[in-house]
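Structure first, commentary second.
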Amino acid sequence: MANTQSAYLFRSIKTSLIILTVSAILVTSMSVLLFSISEHEKLYVDSVESDLNGLSENMSNDLIPLLVNEIDKFELASVLLRLDRYPNIKIARVYKPNLTMLQEYLGRASSTLNSQEPISEIVDVENLSLGMGRGQSQLYAYKLIGDERLPLGYLYIATDIAGPIKQSNISLFYQVLPPTIISLLLAISIAFWLHHKMLFPLTQLSRFAKQVELSKDYSLRADIDGKHEVAELSCNINQMMETINTEVEKNRKQTYQLIEQQKTMERLANFDSLTGLPNRQFFMENLRIELARAKRDGQDVALMFFDLDGFKTVNDSLGHETGDLLLIEVSKRVKQYLREGDLVSRLGGDEFLILLYDSPDDLMLVTIANRIIDGLKEPFSVESWELQVGVSIGIARGRDADYNLSNFVSNADIAMYRSKMAGRGSYTIFAPEMMEDNKRKLLIASSINQAIKDNEFCLHYQAKVSPEEELIGFEALIRWNSSVLGFVSPGEFIPIAEQSGKIVSVTQWVLERLCKDLPEIQRQFKGEISVSVNLSALDLKNPSLLEFINHLFQLHDVDPKLIEFEVTESAYLENFDMATHFFQSLNELGCSIALDDFGTGYSSLSYLTQIPIHTLKIDKQFVDNLGLSDRNTLVTSTIIDMAKRLQLNICAEGVETREQFDFLVKSGCQQLQGYLFSKPTALSDLSIYAPLNS
Ligand code: C2E
Ligand code: CA
Ligand code: CA
């Protein structure tokens, strides 16, 4: 323990230096003290010696007259008694020339003589030489009295030296001690101060290092002051800091780049690059978490699914760039109608999903849906176009999907299709009954291909008659007697085939079947009986359909004049340019074109002068209401009147009563079609209508 403590003490330069310095000062001052004591002693002895010399000289001179004559002991003693003044004199003796002692004097210091020893033994003058001498603890003078040639006697005086020296040393020690202590303290303080001053830059460097460690700021620099070595050290440290700082900066830049790259990757992974909205993956992950949370807390969660009505038209007619810009604008606008916390995502194409924060009630859902519908109605300025799109919204709740993610999204999708069916710009809140519907839809969609292969479809033909009730043509209508679903009406499966993209194959099958049936129809009805065939909106976008028709006509040797294509007004107008181009080509081929379900969708009629059509088919709902409502009757006769002026044929469909027939004929209708004359009939049963033709 003590060892480690001392080791620790010496680990600090400062303490080591101070201990060394203080030791040096102590040793030096002790040496100086001892040296001065010994010098003092020497000087003292010299001075005592010189005094004793003088005293003994004087005294031997004074003794001469006493020894020349007869010796008077009393006189002798009184001379020696003069030594009483000198406290350190131990002994004085006067000897005859033959060295017999004449007189002895014992001084005050004689008490230090060893009383057991006879003084004669202590003072062994016989072996002494004349002059001054020094014994163990005394100084002595041994002087000749008288002249050398005629010695009268000898004087021996011994003075104590040890006691006085000790005394003198003690007094010297006490004199010197205070100034020594003061100078020692002074020296130590100065040493402390000097060390502190010299080591201060090192302490500063250490503090600097600590500051760097704590702040991690490598742009800090140490002060370059202090002695050469420390200044050099500071300089080196600063250079090292410079290097570290450069490295740290480099590292920081690299780290920043890495973080940026990571962010970009995250963005790419989680966000749609076109609109910047969260993408499907990110959205689904959030939805999964929200669903789990809602299920755990026994709450609900709401989802909106919407896609744009008419977006395909923009994309097809104005190009993908414009379509993309429109999507960007739409996503910007939609965000404005949402609340803080709602999460909107683009699934791809023109489909969007919104996760509604905090499970809003039905009223709130309706408010948000209406806000989006109304907001997106306003035209978008994209490039130089003023584009108008609508939106169909489907809304679903997590509880209805039993908190299952894919069912939840699929429910919103089902509701959205409901909205689409209901017409532009509407919303539908999912209800479980829609599920059954959807299951059937999925089954229908997935059965169509197999139905074509298994030859489950067939064509029925419905007669069209003239005002004279003569057969003038047929409309081919598809029929499906499914092995799985039983009889499925085209009113149900055609829209599903359109939505699922299967209509292309259906149309091809219909056209092919018609071409095959046509010779039989011509044979039965002996003449140029035309047959109408229905096309759907999607067929107008199929670029290979025209070629397919051409090929079929050639293959089956069909006279194009006998074929009329029916397309609904809305399908035509949704694909206006393409449809015009398509029907112009069919026109050139010799086919005629009829606008089906006329009057149901669009109020503007100005386009009728621009398109290559021959016939307007007045929708069944007008025929149904003839005579029931004055307004409807007026609209119907106006349509007929207008068509006449545009030199278009008029075909009325769904004629069921004589009254309807009479009114229509009176108004100028050239073609009539309906159960009044015939229901759609299989080819094999068509002959029963032969009398119509006769
Ligand atoms: P549409 O083209 O308007 O066909 C007329 C529909 O009215 C037919 O129904 C027909 O049977 C029915 N109909 C005719 N006269 C009367 C009548 O006096 N009273 C009543 N109540 N109904 C009458 P269908 O055959 O069920 O076809 C429904 C729709 O399915 C058609 O409407 C058409 O849009 C579509 N469709 C039928 N066959 C095809 C086809 O081969 N291709 C395409 N793309 N669509 C088809
Ligand atoms: Ca039709
Ligand atoms: Ca129709």
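Where a number appears in this text, it was derived from the coordinates with a stated rule and is not lab data. Being a predicted model, the structure only gives us computed values, none of them experimental. When we count neighbours, we look across all protein chains shown, and the Cβ atoms used for this are built from the backbone with ideal geometry, even at glycine.
For Lys332, the lysines whose Cα comes closer than 21 Å to its Cα, not counting residues fewer than 8 places off in the same chain, are Lys312, Lys377.
Look at Thr600, Thr21, Thr615, Thr264 and count the other Cβ atoms within 10 Å of each Cβ; fewest to most, that gives Thr264, Thr600, Thr21, Thr615. Could you calculate the contour length gain from Glu41 to Glu321, that is, 0.36 nm times the residue separation minus the distance between their Cα atoms, to one decimal place in nm? Length gained between Glu41 and Glu321: 89.0 nm.
Applying 0.36 nm per residue to the separation of Lys526 and Thr180 and subtracting their alpha-carbon distance, the gain on full extension is 109.3 nm.
Across the stretch 471-539, Cα pairs under 8 Å and at least six residues apart give a relative contact order of 48 percent. A simple charge model with +1 on the Cβ of Lys and Arg, -1 on the Cβ of Asp and Glu and nothing else charged puts the dipole of the stretch 564-679 at about 340 debye relative to its Cα centre.
DSSP bridge analysis restricted to the chain gives an antiparallel fraction near 70%, rounded to the nearest 5.
Starting from the Cα of Ile452, move 7 Å in the Cα-to-Cβ direction to define the label point; list residues of the stretch 527-548 whose amide nitrogen is under 18 Å from there. Correct set: 534-548. Summed over qualifying helices (DSSP H, 4 residues or more, each -39500 (n - 2.57)) and divided by its residue number, the chain shows a 222 nm mean residue ellipticity of -18000 deg cm²/dmol. Between Ser505 and Asn251, the C-beta separation translates, for a Förster distance of 56 Å, into a calculated FRET efficiency of about 0.35. Ordered by the count of other Cβ atoms within 10 Å of each Cβ, fewest first, Arg418, Arg207 give Arg207, Arg418.
Shown in residue order for the stretch 416-427 are the 3J(HN,Hα) couplings computed by the Karplus curve 6.51 cos²θ - 1.76 cosθ + 1.60 at θ = phi - 60°: 5, 5, 4, 4, 4, 5, 6, x, 4, x, 9, 10 Hz (x for Gly and Pro). The calculated FRET efficiency for Lys561 paired with Gln336, based on their beta-carbon distance and R0 = 51 Å, is about 0.35.
The angle between the Cα long axis of helix 13-68 and the longest principal axis of the Cα atoms of the chain comes to about 10 degrees, rounded to the nearest 10. Using C-alpha pairs under 8 Å with a sequence gap of at least 6, the mean separation divided by the residue count of the chain gives a relative contact order of 7 percent. Taking the alpha-carbon distance from Lys210 and a cut-off under 22 Å, which lysines remain once sequence neighbours fewer than 8 residues away in the same chain are dropped? Qualifying lysines at Cα under 22 Å: Lys14, Lys197, Lys227. Each principal axis of the Cα cloud of the chain was taken in turn, and the coordinate range along them, longest first, works out to 216, 49, 47 Å.
Close amide-amide hydrogen proximity is noted between Gly674 and Gly654, Val655, each under 5 Å apart and 5 or more residues distant or on a separate chain (H modeled in the peptide plane; Pro and chain starts excluded). For the stretch 559-690, the relative contact order works out to 18 percent when only alpha carbon pairs closer than 8 Å and six or more residues apart are counted.
For helix 545-555, what angle does its Cα long axis make with the longest principal axis of the chain, in degrees from 0 to 90 and rounded to 10? So the inclination is approximately 40 degrees. Backbone geometry of the stretch 313-320 corresponds, through the Karplus equation with coefficients 6.51, -1.76 and 1.60 at θ = phi - 60°, to 3J(HN,Hα) couplings of 4, 4, 4, 6, 8, 10, x, 5 Hz, x marking Gly and Pro. For Lys679, the lysines whose Cα falls under 18 Å of its own Cα, not counting residues fewer than eight places away in the same chain, are Lys464, Lys617, Lys620. Relative to the longest principal axis of the Cα atoms of the chain, the long axis of helix 576-589 lies at roughly 40 degrees.
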